[in-house]
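So the structure is just underneath, and the comments pick up after that.
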Amino acid sequence: MSHSATNCPVCGTIQTGFFATKGQYSLSKCGECALVYAHPRPSRDDVFALYARGNSRISELHFPKAKAKLRHAMLRAARLSRYVWARDAIDIGCGGGFMVEAMRRFRARAVGLDLNPQRIAFANRHFPKNRFFCENLEEFPRREMTFDLVFSSQVLEHAHDINDFMSALGRISRPGGFAYLKTPDRDHWRVRQDLASENASGPPISIQFFNKTSIRILLERHGFEVKKIFFKVKPTLHVLAQRK
Ligand SMILES: [Zn+2]
């Protein structure tokens, strides 16, 4: 497969090169910020179809490990309580709505966004005091809703166009408001560097892979100041950033 040079979607440098083949896709790596990304990208339709597709284990009535997920979300919301209490908050990629419900119990006015209709059906049925939308972040800003806290866990790496995703995220964030983002950490000491291995998920599921440098540049280019990148034993970046 031919592999033309391309600008890094995060830092913009042309210093990028072939990194690995993953299934039918190739990955490039940026020589400046170390972002690893699908190049060429999978089609937008292929990516969105993945998330809209049904999952036989999830329905309006059932969500695997629902109780544990709500408990876990309550702990998370407690840790973030100073950003949640009496605030307007959104969970992008909210799944069954557990974090949205947890934030509501910490007095937030919380809404959730997810591309999967079964997950949203479960959320609406079990957590009806919140508002849920089955749509992607890129089309959500037309609702002209803005938030003090934008929460998103394990979504960034799946975004079809990371810059479209981040510009929508910026539009729904209030100046001075916060974003709390979680995404896998490629440079973590527990991560195997070999993305071509069987276990690592590649495109079209995961489209870009961040480390501390690339996530910081991404946020700063989209109008956020990184306040803190938390140390984690698990190979995940947890980033708190503030909208300028
Ligand atoms: Zn870069």
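The values are calculated or read from the model by the stated rules, or taken from the named source; none is laboratory data. Because the structure is a prediction, the values reported are computed rather than measured. So basically every Cβ, Gly included, is an ideal-geometry build from the backbone, and we count neighbours across all protein chains shown.
Filtering region 205-225 down to residues that are more than 16 Å from the ligand (Cβ to nearest atom) and hydrophobic (A, V, I, L, M, F, W, C), which residue is modelled with the lowest pLDDT?
Across region 205-225, the extreme among qualifying residues is Ile205.
For region 99-110, which positions are touching a Phe, Trp or Tyr at 6+ places or on another chain (Cβ under 8 Å) and of a type outside the set (Asp, Glu)?
Selection gives Met99, Val100, Met103, Arg104, Phe106, Arg107, Ala108.
Residue by residue through region 68-83, note down the ones that are in contact (Cβ under 8 Å) with a residue 24 or more places away in the chain, of a type in the set (D, E, K, R) and either farther than 17 Å from Lys228 by Cβ or surrounded by fewer than 13 Cβ atoms within 10 Å (Cβ to Cβ) (or both).
Within region 68-83, Lys69 is the sole residue that qualifies.
When you scan region 134-141, do you find a residue that is crowded, with 20+ Cβ neighbours inside 10 Å and assigned to a loop (DSSP other than H, G, I, E, B), even just one?
yes
Out of all the residues in region 104-126, which are touching an Asp or Glu at 6+ places or on another chain (Cβ under 8 Å), under 19 Å from Arg71 (Cβ atoms) and crowded, with 22+ Cβ neighbours inside 10 Å?
Result: Ala108, Ala110, Gly112, Phe122, Ala123.
As an exercise: evaluate Val47 against (1) in contact with a helix residue (DSSP H, G or I) (Cβ under 9 Å, 6 or more places away or on another chain); (2) part of a loop (DSSP other than H, G, I, E, B) and give the number of the one condition it does not meet.
(2)
Within the bounds of region 94-116, is there any residue that is closer than 21 Å to Met166 by Cβ and within 16 Å of the ligand (Cβ to nearest atom)?
Scanning region 94-116, I find no residue that is closer than 21 Å to Met166 by Cβ and within 16 Å of the ligand (Cβ to nearest atom), so the answer is no.
So Gly31 passes all but one of these: (1) away from the ligand (no atom under 16 Å from the Cβ); (2) modelled with pLDDT of 95 or more. Which condition number does it fail?
Tallying (1) away from the ligand (no atom under 16 Å from the Cβ); (2) modelled with pLDDT of 95 or more, Gly31 fails exactly one: (1).
If you scan region 50-106, which residues turn out to be aromatic (Phe, Trp, Tyr) and under 21 Å from the mean Cα position of the chain (by Cα)?
Tyr51, Phe63, Tyr83, Phe98
Restricting to region 217-241, name every residue that is surrounded by fewer than 16 Cβ atoms within 10 Å (Cβ to Cβ) and within 20 Å of Ser167 (Cα to Cα).
Glu220, Arg221, Glu225, Lys227
Given the criteria exposed (fewer than 14 other Cβ atoms within 10 Å of the Cβ) and either in a helix (DSSP H, G or I) or modelled with pLDDT of 95 or more (or both), does Gly170 qualify?
It is false that Gly170 is exposed (fewer than 14 other Cβ atoms within 10 Å of the Cβ) and either in a helix (DSSP H, G or I) or modelled with pLDDT of 95 or more (or both).
Residues in region 110-118: is at least one in contact with a Ser or Thr (Cβ under 7 Å, 6 or more places away or on another chain) and either in a helix (DSSP H, G or I) or at pLDDT 95 or above (or both)?
Checked region 110-118: at least one residue is in contact with a Ser or Thr (Cβ under 7 Å, 6 or more places away or on another chain) and either in a helix (DSSP H, G or I) or at pLDDT 95 or above (or both).
How many residues are part of a helix (DSSP H, G or I) and either of a type in the set (Lys, Arg) or touching a strand residue (DSSP E or B) at 6+ places or on another chain (Cβ under 8 Å) (or both) if we restrict to region 62-103?
12
Looking only at region 23-44, how many residues end up being assigned to a loop (DSSP other than H, G, I, E, B) and either over 21 Å from the mean Cα position of the chain (by Cα) or not small (Gly, Ala, Ser) (or both)?
Qualifying residue count for the region: 10.
May I ask you to say which residue of Tyr37, Tyr25 is within 30 Å of Pro117 (Cβ to Cβ), touching a residue at least 60 places away in the same chain (Cβ under 8 Å) and within 16 Å of the ligand (Cβ to nearest atom)?
Tyr37 is the lone residue from the list that is within 30 Å of Pro117 (Cβ to Cβ), touching a residue at least 60 places away in the same chain (Cβ under 8 Å) and within 16 Å of the ligand (Cβ to nearest atom).
Restricting attention to region 1-22, report how many residues are in a strand (DSSP E or B), within 16 Å of the ligand (Cβ to nearest atom), among the β-branched types (Val, Ile, Thr) and touching a residue at least 24 places away in the same chain (Cβ under 8 Å).
Matching residues across region 1-22 total 0.
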